[in-house]
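Everything on this sheet refers to the single structure shown next.
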Amino acid sequence: MSDVVLQLAPYMEVLKKAANDEIYSTPEASVRLPFDGEVLKRAISVADKVNNNSLKYVVVVGIGGSNLGAQAIYEAIRLKLQIALSHSPRIIFADTNNPREAEALAQFIGQKVHSKDEIVLNIITKSGTTSESVANASFLLEILKNKFGDADALSRVVVTTDENSALWKIAIDKKIEVLPIPKMVGGRYSVFSCVGIFPLLLAGINVQELLAGARESAEKCYNGDIIINPGLVSASTLFLSLKKGIAISNCFLFHSELEGVGKWWRQLTAESLGKNGLGVTPIVSIGSTDLHSMVQLYFGGPQDKFTNFVYAADEQYAHALVPKESIFESLSPDIRGKDFADIMKAILMGTEEAYKENKMPFIETILPDISERSIGAFMQMKMIETMLLAKLWNINAFDQPEVENYKKHTKELLKK
Ligand code: PA5
């Protein structure tokens, strides 16, 4: 372990410099985002222009690194049931080109959106040319134009893209609000840029806390002292396990509302580290749901997985109790009168004991709670961990040549 830490020491300095680099000049530039007050100011100024007491729906068009981060944070904080039932403004994510979903969204806007002020269309694409996003953006803008007229429809659009992309130029030409993504910040590292924070601001998520958590985490993660650096601990442990033939990294989240965070991490790991014949296959498991789905394979199948159990020390939603008396009390008597949070903790501890007995490698990431601050800290740590792993493998964590490849072929097919 100490060899790995020594090997990474010079890179800690690179990360520290990147966090202070106001012109975003290096591939690690995303580390700067939570420290850059200008990004937040710009997002707030546009949010203030389009937000009013009538805003009900924020439709985010974007895919991959352009939507997974915001979606992860939004679902973790708001909870799926609250989103479905009531919360306003509500974010609706449009990523792929599912024809039935698109039609349903068109009908929804047709029937439920009564004035232009009730909706914002945030088109997020760094390149500005991703087919799915251009298709969704064109489709939805047309619906808004038909409903409210051209000028009012365009006044409800906010574009987030690379400064000077072709899309940027169209937006300026049509007087659409635009938010920039720094050139050196790639999609999957962009959650703390306007890509993530603008829609989250509109939805009332505490973005200041999110960024504060990310800043605290970054400062820990570019410290060479392994005792206080969680990114260094997890990158080194995973790196050493992979050397012993582990091929799969399992993020086992013991809070179902963090599933989106897991999917965001999955993309970050897969696109950043799957190169040159190297890589680790990221999978996401949810406790306790996947104990009833995947765990037979984990224990009985090939021993090729490294697990990161993620849970919060303070369970804020711990108000649900199993009644002491119920018609079902004889079915599982040990849970009578127990708090749901205690039941989940027992399941987690039981699972970890079984992992130990079976000598299956795992680490724990304990979040203080499920809050914007903790999630910001976790996501920043995971981005730095990914950069550290790439450094150890000597691969470029910031490009995605194979993704570009499929995009090129798709465009050629669509020309026909
Ligand atoms: O992380 C990445 O770079 C990719 O996943 C992109 O975010 C994704 O392909 C979407 O690209 P764009 O934002 O250019 O539409």
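Global size of the chain: 22.4, 70 Å for Rg and Dmax (C-alpha atoms, Rg to one decimal, Dmax whole). Couplings 3J(HN,Hα) for region 226-231, derived from phi with the Karplus relation 6.51 cos²θ - 1.76 cosθ + 1.60 (θ = phi - 60°), are 4, 4, 10, 10, x, x Hz, where x marks Gly and Pro. For the chain, the mean residue ellipticity at 222 nm estimated from helices alone is -16000 deg cm²/dmol, where every DSSP H run of n ≥ 4 contributes -39500 (n - 2.57) and the total is divided by all residues, rounded to the nearest 500. Model label points for Lys169 and Asn396, set 7 angstrom from Cα along the Cα-to-Cβ axis, are 2.5 nm apart. Separation of the alpha carbons by more than 25 angstrom is noted, of Lys56/Lys411; Lys49/Lys80; Lys41/Lys147; Lys305/Lys356; Lys126/Lys408; Lys16/Lys41, for Lys56/Lys411; Lys49/Lys80; Lys41/Lys147. Taking the longest Cα principal axis of the chain as reference, the axis of helix 207-221 is set at about 50 degrees.
Take the Cβ-Cβ distance between Ser293 and His319 as r, set R0 to 41 Å, and report the resulting FRET efficiency rounded to the nearest 0.05. It comes out at approximately 0.90. The antiparallel fraction among DSSP beta bridges confined to region 209-343 stands at about 10%.
Sorted largest first by accessible area at a 1.4 angstrom probe radius, with every protein chain in place, the residues Asp342, Asp162 fall in the order Asp342, Asp162.
The C-alpha atoms of region 118-260 occupy a region whose extents along the principal axes are 60, 33, 33 Å, arranged from largest to smallest. In the chain, the DSSP beta bridges split such that about 5 percent are antiparallel, to the nearest 5. Pair-distance distribution of region 162-218: all C-alpha pairs, bin width 10 Å, starting at 0; shares per bin in whole percent are 21, 43, 29, 7. Projected label points at Ile335 and Ser25, each 7 Å from Cα along the beta carbon direction, are separated by 5.9 nanometres.
With a Förster radius of 30 Å applied to the beta-carbon distance between Ile363 and Leu81, the computed FRET efficiency rounds to 0.45.
For the chain, the longest principal axis of the alpha carbon atoms and the long axis of helix 68-78 meet at an angle near 70°.
Kirkwood radius and radius of gyration were both taken over the C-alpha atoms of region 330-416, and their ratio Rg/Rh is 1.21.
Relative to the longest principal axis of the Cα atoms of the chain, the long axis of helix 37-50 lies at roughly 50 degrees.
With Rh defined as the Kirkwood radius, the inverse of the mean 1/r over Cα pairs, the Rg/Rh of region 22-74 is 1.03.
Ranked by solvent-accessible area (1.4 Å probe, protein heavy atoms only, all chains present), the residues Tyr24, Tyr406, Tyr355 order from largest to smallest as Tyr406, Tyr24, Tyr355. Maximal additional length on extending the Lys17-Phe108 stretch stands at 28.0 nm, based on 0.36 nm per residue less the C-alpha distance. Of the listed residues Asp95, Asp290, the order by accessible area with a 1.4 Å probe, largest first, is Asp95, Asp290.
DSSP beta bridges confined to region 1-141 are antiparallel in about 0 percent of cases.
Inter-label distance, Ala135 to Lys415: 1.9 nm, where each label sits 7 Å from its Cα along the C-beta direction.
The values are calculated or read from the model by the stated rules, or taken from the named source; none is laboratory data. Everything numeric here is computed off the predicted structure, so don't read it as measured data. Using ideal geometry, Cβ is built from the backbone for each residue, glycine included, and neighbour counts are taken over all protein chains shown. Accessible surface areas use protein heavy atoms only, side chains included; no ligands, DNA or RNA. Shrake-Rupley method; radii C 1.70, N 1.55, O 1.52, S 1.80 Å.
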